[in-house]
1. State the answer as a single residue: which of 82, 95, 61 lies farthest towards the positive end of the charge dipole of the chain, with beta carbon charges of +1 for Lys and Arg and -1 for Asp and Glu, about the Cα centre.
2. Convert each backbone phi in segment 15-21 into a coupling constant with the Karplus relation 6.51 cos²θ - 1.76 cosθ + 1.60 (shift: θ = phi - 60°), then list the ³J(HN,Hα) values in order as whole Hz, x for Gly and Pro.
3. Give me the distance in nm between label points sitting 7 Å out from Cα along the Cα-to-Cβ direction at residue 48 and residue 8, one decimal.
4. What percent do you get for the relative contact order of the chain when only Cα pairs under 8 Å and 6+ apart count?
5. Using modelled amide H (1.01 Å from N, peptide plane; none on Pro or chain starts), what sits under 5 Å from the amide H of residue 40, excluding residues fewer than 5 places away?
6. Springs between alpha-carbon pairs under 10 angstrom, Gaussian network model over the chain: which of 64, 19, 55 fluctuates most?
7. Using a Förster radius of 30 Å, what is the FRET efficiency between residue 69 and residue 95 based on their Cβ-Cβ separation? Nearest 0.05, please.
8. Of all alpha-carbon pairs in the chain, indicate the percentage at a distance above 22 angstrom.
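Only the coordinates and a few stated rules stand behind these numbers; no lab work does. Computed from a prediction, not measured in an experiment: that's the story for all the values here. No Cβ is skipped: glycine too gets one built from the backbone with ideal geometry, and neighbour counts run over all protein chains shown.
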Amino acid sequence: MPRYYAAIDTLCLASKSEAFPNVVGEAMACGIPCVVTDVGDCRDVVGKAGLVVPAENEIALGAALKALAAMPVVQRQAMGRFGRERIVSVYSLDQIVRQYERLYYSVVNT
């Protein structure tokens with residue numbers, strides 16, 4: 001997938017509903033800035049590493065895409081790097097395993 005993500009400048013996820021947006025995590029891991037709708041876990045995944053707009057609001061979505069396109073390349077690249085760092089630090093396999101361990105320990109110890 002990284003070679004495909006390398007061919008795009010921005011990922012836009014305009015979902016009406018979503019759980020965990022895998023495609024957003026993949027794009028962020030590849031350093032691609034994202035514009036997402038505020039559904040499911042999108043806001044939590046993107047954090048400050050992208051732009052979040054209300055679901056089913058084409059005007060806001062278009063404005064966010066225009067804003068991202070108007071950013072200097074250096075600023076978009078910095079947003080992409082921040083997104084990659086966020087995915088690696090928050091959603092890496094090690095982090096997910098630790099979260100499950102904490103959950104299991106809390107269940108066992110209650």
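1. It is 82, whose Cα lies furthest towards the positive end.
2. 6, 8, 8, 6, 9, 8, x
3. Those two pseudo-labels are separated by 2.5 nm.
4. 25 percent
5. Those lying under 5 Å, H to H, from residue 40 are 18.
6. 19
7. The calculated FRET efficiency here is 0.40.
8. Roughly 35 percent, rounded to a whole number.
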